[in-house]
Amino acid sequence: MTSGTPDVHALSGAYALDALTPDEARAFEQHLATCESCRDEVRSLREAASALAEPVADAPPARLRDNVLAGISQVRPLPPVGGTLADDEAPTGITTTQPDELAARRRRRAPAWLVAVAAALALLAGGAVVRSVQLSQQLDSVTASGADIAQIVTAPDATTSTAQVSGGGRAAVVSSESLGRAVLVTDGMPAAPAGKVWQVWYIGDDGAPSSAGFVPDGQRTAVALQGDLGTAGAVGVTLEPAGGSQQPTTKPVVAITV
Amino acid sequence: MPVQPAASTPPEPSGGVGADLAQRLVALLARSSRGDEHAFAELYDLTASRVHGLARRVVRDPAQAEEVAQEAYLEIWRQSARFDASRGSALAWMLTIVHRRAVDRVRSAESAQARDQRYAAVGDGPEYDVVDEEVTTRMESARVRRALDSLTEVQREAVTLAYYGGYTHREVADLLDVPLGTVKTRMRDGLIRLRDALGVEA
């Protein structure tokens with residue numbers, strides 16, 4: 001390996017030990033998607049790393065069992081990845097003005113969580129009716145994380161905060177403290193200029209930012225933020241070079257207290 | 001209706017997890033994914049010492065370790081349908097969730113001072129040698145410790161600083177004052193040696 005071409009395969013050990021930063025881990029996961037030998041190696045190294053839990057095993061206090069079982073009774077397990085949305089609850093109270101067959105199919109398939117996102121979008125739009133067809137189309141870009149979005153916005157303790165975006169549009173954060181997760185919903189934010197992205201940050205109580213992902217392209221978007229809501233007191237969005245930054249390099253266009 | 005603890009099956013190691021336990025965990029995860037809380041209670045009973053112990057070892061603070069373990073179990077419950085047995089054992093999948101939450105906690109929560117204290121504690125010696133009175137899997141623990149002993153000193157140092165200490169590879173490089181590339185290699189070679197000593201299927 002030369003200094004100019006770092007050998008990405010060599011990161012398998014650090015990755016299996018969770019010793020990469022979130023950005024490095026994401027980059028390595030992109031490599032894993034295309035490298036079967038690394039996938040196999042990571043799988044076996046993870047098994048080895050997990051064995052390190054044996055020598056430190058330590059029976060928890062009995063209250064942990066009670067708390068865990070009480071906690072799970074409040075939350076539904078997520079559906080399998082790639083599972084059909086058709087099994088989900090049908091929406092209520094949302095109508096479509098496009099009676100074509102495709103729209104009808106989309107309407108039938110719109111799961112309950114879309115209704116919740118629609119409610120957040122409606123809040124942004126000042127109560128205007130949000131059509132599920134529009135929503136389905138807009139949310140096509142985030143299908144993979146749709147189940148996460150569903151889990152967060154339908155959590156019993158989900159709360160919504162909204163704010164104006166400097167430069168146009170509005171944004172809302174739907175957060176669930178019990179899950180430690182949040183969804184960012186935007187409406188009418190201007191597209192990022194070429195070579196730039198809108199990067200989302202969790203802002204800790206001490207003001208320290210940590211990257212939480214990116215705003216998807218589109219007029220109306222919803223994205224499940226990466227990482228743990230933790231002690232974040234706010235969610236901010238900044239314009240960053242494509243690929244994102246380690247730390248914000250521009251002034252936030254919006255900061256939403258959660 | 002109270003959920004009864006499962007009969008105490010002797011826990012097995014993740015490295016060479018007994019086939020019975022491994023299959024049991026897979027079945028319990030599948031039932032959990034369909035909302036079976038009794039199955040999840042049994043899953044908890046079979047794994048709680050490992051999950052809690054790992055969180056405790058990384059996070060150190062007992063109250064925070066309990067929080068991490070509880071959050072991890074909630075995530076395991078939520079994600080149970082996403083477990084794919086073709087991509088590794090159920091126990092490794094669960095412990096990965098626990099470990100990631102634990103390192104997230106120590107990396108995000110601490111001040112520079114607390115971090116220094118953490119290193120001072122890690123630097124006290126090979127802590128994997130400390131046998132906890134509560135360890136329920138003495139023989140398997142001994143097996144893992146023996147496997148750890150098969151690593152070179154520098155490999156063991158890099159692996160345990162990362163896994164038990166929760167440090168990133170850059171931090172480990174700084175702590176040991178060696179180049180990043182060297183640390184990456186020690187971590188990978190160390191885990192390969194650990195894997196082979198444990199007899200994990202490659």
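The values are calculated or read from the model by the stated rules, or taken from the named source; none is laboratory data. Since this is a predicted model, take the numbers as computed values, not measurements. Reconstructed Cβ throughout: ideal geometry from the backbone, glycine too, with neighbour counts over all protein chains shown. Areas reflect the complete protein model, heavy atoms only, side chains present, ligands, DNA and RNA absent. Shrake-Rupley method; radii C 1.70, N 1.55, O 1.52, S 1.80 Å.
Which count do you get for residues in segment A:188-232 that are over 19 Å from A:Arg170 (Cα atoms), out of contact with any Pro (no Cβ under 6 Å at 6 or more places or on another chain) and part of a strand (DSSP E or B)? Let's see the steps before the verdict.
In the first step, residues of segment A:188-232 are kept if they are over 19 Å from A:Arg170 (Cα atoms); the result is A:194-196, A:204-211, A:226-232.
Now narrow it down to the ones that are out of contact with any Pro (no Cβ under 6 Å at 6 or more places or on another chain): A:194-196, A:204-208, A:210-211, A:226-232.
Subset that is part of a strand (DSSP E or B): A:196, A:204, A:210-211, A:232.
Selection size over segment A:188-232: 5.
Mind listing whichever residues of segment B:46-66 are facing chain A (nearest Cβ under 10 Å) and open to solvent by 50 Å² or more (accessible area, probe 1.4 Å)? So that I can check it myself, show each step before the final result.
Here is the first cut: in segment B:46-66, the ones facing chain A (nearest Cβ under 10 Å) are B:47-58, B:62, B:65-66.
Those that are facing chain A (nearest Cβ under 10 Å) and open to solvent by 50 Å² or more (accessible area, probe 1.4 Å): B:Arg56, B:Pro62.
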Exercise for the section: Kindly indicate whether any position in segment B:107-123 is modelled with pLDDT of 65 or more and crowded, with 22+ Cβ neighbours inside 10 Å. Expected result: no
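Please specify each residue of segment B:127-154 satisfying the condition of being at pLDDT 65 or above, among the aliphatic types (A, V, I, L, M) and either part of a loop (DSSP other than H, G, I, E, B) or over 25 Å from B:Pro179 (Cβ atoms) (or both). Steps first, please.
Filtering segment B:127-154 for residues at pLDDT 65 or above gives B:139-154.
Next, from what is left, pick out any that are among the aliphatic types (A, V, I, L, M): B:139, B:142, B:144, B:147-148, B:151, B:154.
If the condition is that a residue be at pLDDT 65 or above, among the aliphatic types (A, V, I, L, M) and either part of a loop (DSSP other than H, G, I, E, B) or over 25 Å from B:Pro179 (Cβ atoms) (or both), then B:Met139, B:Ala142, B:Val144, B:Ala147, B:Leu151 are the ones that fit.
Any idea which of B:Leu29, B:Leu43 is touching a Leu at 6+ places or on another chain (Cβ under 6 Å), modelled with pLDDT of 95 or more and within 11 Å of another protein chain (Cβ to nearest Cβ)? Outline the logic, then answer.
Working: B:Leu29 fails: touching a Leu at 6+ places or on another chain (Cβ under 6 Å).
After ruling out the rest, the residue left standing is B:Leu43.
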Practice task
Any chance you could count how many residues in segment B:166-188 are more than 7 Å from chain A (Cβ to nearest Cβ) and surrounded by fewer than 24 Cβ atoms within 10 Å (Cβ to Cβ)?
Solution key: 12
Handout entry: Number of the condition not met by B:Pro10 [criteria: (1) in a helix (DSSP H, G or I); (2) more than 11 Å from chain A (Cβ to nearest Cβ); (3) modelled with pLDDT under 95]
Key = (1)
Practice task
Please give the number of the condition A:Ala62 fails out of (1) at pLDDT 90 or above; (2) surrounded by 12 or more Cβ atoms within 10 Å (Cβ to Cβ); (3) aliphatic (A, V, I, L, M).
Solution key: (2)
Practice task
Being free of Cβ contacts under 8 Å to residues at least 12 places away in the same chain and at the interface with chain A (Cβ under 8 Å from one of its Cβ atoms) is the filter; apply it to segment B:83-106 and report the residue that is nearest to B:Glu171 (Cα to Cα).
Solution key: B:Asp104
Exercise for the section: Hey, can you tell me all the residues within segment B:82-97 that are touching a Lys or Arg at 6+ places or on another chain (Cβ under 8 Å), open to solvent by less than 30 Å² (accessible area, probe 1.4 Å) and assigned to a helix (DSSP H, G or I)? Expected result: B:Leu91, B:Ala92, B:Leu95, B:Thr96
Exercise for the section: Kindly list the number of the only condition in (1) more than 7 Å from chain A (Cβ to nearest Cβ); (2) touching an Asp or Glu at 6+ places or on another chain (Cβ under 7 Å) that fails for B:Asp196. Expected result: (2)
Problem - Residue tally, condition open to solvent by less than 50 Å² (accessible area, probe 1.4 Å) and touching a residue at least 40 places away in the same chain (Cβ under 8 Å), over segment A:190-216 - result: 8
Handout entry: Pairs, first farther than 16 Å from B:Gln64 by Cβ in segment A:55-72, second charged (D, E, K, R), C-beta under 7 Å, six or more apart
Key = A:Pro55/B:Arg145; A:Ala57/B:Arg50; A:Ala59/B:Glu134; A:Leu69/B:Glu37; A:Ile72/B:Glu37
